[in-house]
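The values are calculated or read from the model by the stated rules, or taken from the named source; none is laboratory data. As the structure is a prediction and not an experimental result, all values here were calculated from the model. Cβ coordinates were reconstructed from backbone atoms using ideal geometry, including for glycine residues, and neighbour counts include every protein chain displayed.
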Amino acid sequence: MGAAIASAVVLAVSGGTLGEPSLLHRADPATLRYEGAALRLPSAAFGLAWARRGGALAVVAKPTGGVGFRIRIVALRPRLRVVGTVAVGPRDVCGLTFRGATLVALAADRPCYWSGARFTILRIDVRARRIAGVRAVRGLRIAAPPNLAFGDGRAFVARADGGVDVVDLATGVTTTHRPRRALAKGAGVVFASWLGGGLLGVGKRVVDVRTWRVRMLVRGARGVIRAGGGLAAYGAQGVGVYTRRGRLLYRPIASPVSAGVAASGRYLYAGGEIVDLATHRVQAAALEPVPDFLLGG
């Protein structure tokens with residue numbers, strides 16, 4: 001029952017401007033109204049890495065562009081509280097994921113968005129609050145956090161040229177998959193999102209990582225995320241909800257949305273609005289202060 005309750009909780013991180021702390025809030029999924037006392041964290045001015053499992057959150061807030069920021073383990077119930085920290089040494093944590101009870105981090109010896117970093121996979125014993133194993137990653141040169149997604153035992157790093165670097169989290173071996181037709185080199189940020197069922201969102205494209213076939217839901221999309229049993233694409237045309245096969249169901253938000261889209265259970269959050277995926281109803285979110293990061297379930 002505890003895991004079910006925790007999964008129904010949406011977490012929001014507000015504040016975190018340079019030199020100021022961040023605040024972690026628990027929010028009602030249906031309204032995003034904050035509940036209970038907020039938890040103070042270091043500034044997330046230079047980013048945030050996080051992963052959830054049951055009633056626990058692992059989070060790294062980055063107050064500067066350096067390395068060595070600790071992983072905090074946060075209990076979500078009955079109140080938000082830090083129950084332990086894990087030191088990672090002189091490394092930057094690019095992203096976190098749980099594989100069963102083990103926390104896994106993709107880390108680098110310099111900021112993850114710097115080219116030429118040396119990457120490692122850290123296996124972390126959450127109960128013991130220590131690193132249980134370190135494995136070198138071979139073949140990866142850069143992993144900007146927005147371009148990183150985890151799924152199916154792998155880390156996927158989207159590239160500006162349309163390719164995807166795939167890191168096996170068990171072996172550290174990296175393979176690169178490039179589109180059949182070369183794309184013009186674009187901006188460095190290409191939002192990546194694991195969509196489940198072998199599908200990966202890479203910017204405006206949906207990639208089947210079992211066959212590496214690519215399709216596009218809508219031109220002008222900025223990103224694609226998993227939304228309930230379907231997919232949501234966001235960008236210049238607002239937000240559209242699609243089936244997993246790519247058929248448009250409805251477009252709940254018409255205004256452009258460039259980032260900050262998240263989903264949890266039956267709700268989708270974008271541009272300060274909440275979409276009920278079951279009823280298609282759209283309402284304004286009750287957010288005060290407005291969060292910098294929204295951590296869906």
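In the list Asp161, Asp152, which residue meets the criterion of being acidic (Asp, Glu) and either modelled with pLDDT under 95 or more than 24 Å from Arg210 (Cα to Cα) (or both)?
None of the others qualify; the one that does is Asp161.
Residues that are buried (at least 20 other Cβ atoms within 10 Å of the Cβ) and not hydroxyl-bearing (Ser, Thr, Tyr): find the strands (runs of 3 or more DSSP E) completely inside segment 92-136 holding 3 or more of those.
92-99, 102-108, 119-125
For segment 9-40: of the residues being of a type in the set (Val, Ile, Thr) and crowded, with 16+ Cβ neighbours inside 10 Å, which is nearest to Pro63 (Cα to Cα)?
Among them, the one singled out is Val13.
If we scan segment 108-118, do we find a residue that is more than 30 Å from Thr243 (Cβ to Cβ) and among the aliphatic types (A, V, I, L, M)?
Checking segment 108-118: at least one residue is more than 30 Å from Thr243 (Cβ to Cβ) and among the aliphatic types (A, V, I, L, M).
Restricting attention to segment 273-297, which residues are under 25 Å from Trp50 (Cα atoms), surrounded by fewer than 19 Cβ atoms within 10 Å (Cβ to Cβ) and either out of contact with any strand residue (DSSP E or B) (no Cβ under 7 Å at 6 or more places or on another chain) or β-branched (Val, Ile, Thr) (or both)?
Listed by number, the residues that qualify are Ala286, Glu288, Val290.
Restricting attention to segment 239-272, report how many residues are surrounded by fewer than 18 Cβ atoms within 10 Å (Cβ to Cβ) and more than 19 Å from the chain's Cα centre (by Cα).
So the count comes out to 12.
From (1) surrounded by 19 or more Cβ atoms within 10 Å (Cβ to Cβ); (2) closer than 22 Å to Tyr250 by Cα; (3) in contact (Cβ under 8 Å) with a residue 40 or more places away in the chain, pick out the condition that doesn't hold for Gly196.
(1)
Among strands (runs of 3 or more DSSP E) lying entirely in segment 191-297, which contain 3 or more residues that are more than 18 Å from Ala30 (Cα to Cα)?
Answer list for segment 191-297: 192-196, 199-202, 205-208, 213-216, 221-227, 230-235, 238-242, 248-253.
Looking for something within 24 Å of Val74 (Cβ to Cβ) and touching a strand residue (DSSP E or B) at 6+ places or on another chain (Cβ under 8 Å) - is there at least one such residue anywhere in segment 200-219?
No, segment 200-219 contains no residue that is within 24 Å of Val74 (Cβ to Cβ) and touching a strand residue (DSSP E or B) at 6+ places or on another chain (Cβ under 8 Å).
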